[in-house]
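Just below is one structure, and these are the notes that go with it.
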Amino acid sequence: MSNATTWRSGWDVDNPLGIETGAVAKDEGTWEPLAGTGLESRDLGLEANTGGGLLGRHVRSAGNGEDAATDWQFTDTDFHWFFVLEGEITIATEDDEKVTLGKWASAYHPPYWRHRVLSVSPDYQALEVIGPSAYETTVGEDAPKPERAAEFAHLKGVYTLDTEDQYARGDGPRAWSLYRDLGTRIPTDGRIHIHIIKLDEERPSPKGGTGDHTHSMAQFFYPIQGWIDISTEGQENRRYYAGDFVMLQRGTIHNAYDASPDYATIELCVPADYTTVAQ
Ligand SMILES: [Fe+2]
């Protein structure tokens, strides 16, 4: 892509990141303190399955959340995104905005976006995705940004809230699902699309599910409500619940053959535009 920004990670839509197939269950992994944040996190295996291209973690308040306020800071990440699962977080941004994000709100931060955390609630929990997994944080309200930051200066933080008007019905065979775009496609130059897919309880899906199919994108999905039954090439059929983290490499045959009527999931797609082929 000619007008695309250059990522430290070195991948783009023509040479997209791969995500190896695998899963980390909601009760797997150990909670470890996130230095200097008042939070703790559980690794979701994304770093291992992308060779460090992306890091995925389940984050929550450690203790009562009182120590979560941070100084002004920015990172040299290509991509930083989080989604609030429970509770709320309030941040301040370099645009003098103060943003409070509650349940199912999302935040995208471009490279070198200066911000600070003002507070998190004791019950705060989030899904966070960072790329690449190795990055540096620079602290200080007046800390100078490197020359490279100019390439990203046109980008702003993108914050989305979970309101009904944010959902759109899918087309054709997807008409029984509602989709909420979480705003990462444009600022990542088409590298990463993240959305919520939610079944419409008023219009139940036809029985039989999606049938075997493949995508030209690599993905992860992270159910946030209900459950889904999936068969995946080379793996045993499994039921995934809210909190399970599931990665699928592009080209992997799979079939979502059943789901609870209230099923909702986060899905991340690399690249944002892709084709789906029935098998
Ligand atoms: Fe699929």
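None of the figures in this text is laboratory data; all of them are computed from the coordinates on show. Model, not experiment: these values are computed from the prediction. Here Cβ is always computed from backbone atoms with ideal geometry, including for glycine, and neighbour counts include all displayed protein chains.
Using only the Cα atoms of the chain, what are the Rg and Dmax in Å?
Cα-based Rg and Dmax for the chain come out at 18.5, 58 Å.
Per-residue counts of other Cβ atoms within 10 Å, averaged by peptide: what ranking do you get for 104-110, 11-17, highest first?
Details: 104-110: 23.0, 11-17: 15.9.
In decreasing order of mean packing, 104-110, 11-17 become 104-110, 11-17.
So what is the calculated 222 nm ellipticity per residue for the chain, using -39500 (n - 2.57) for each DSSP H run with n of 4 or more, over all residues, to the nearest 500 deg cm²/dmol? Mind showing how you got there, number by number?
Details: 1 runs with 4 residues, N = 279.
It lands at 0 deg cm²/dmol.
From Cα pairs below 8 angstrom and at least 6 apart in sequence, can you work out the relative contact order of the chain, rounded to a whole percent?
RCO, the chain: 19 percent.
Under 18 Å Cα to Cα from residue 145, which lysines show up? Leave out anything in the same chain fewer than 8 places away.
Partners found: 156.
Report the gain in length on full extension from residue 151 to residue 201: 0.36 nm times residue separation, minus Cα-Cα distance, nm rounded to one decimal.
Residue separation times 0.36 nm, minus the Cα-Cα distance, leaves 13.6 nm.
Subtracting the Cα-Cα distance from 0.36 nm times the residue separation, let me have the gained length for residue 225 to residue 258 in nm, one decimal.
10.5 nm
Across bins of 10 angstrom width beginning at 0, how are the C-alpha pair distances of the stretch 30-160 distributed, in whole percent?
13, 45, 36, 6
Rounded to the nearest 0.05, what FRET efficiency do residue 118 and residue 25 have when you use their Cβ-Cβ distance and R0 = 35 Å?
Computed FRET efficiency for residue 118 and residue 25: 0.60.
What's the FRET efficiency of residue 72 with residue 236 using the Cβ-Cβ distance as r and R₀ = 51 Å, to the nearest 0.05?
E(calc), rounded to 0.05, equals 0.60.
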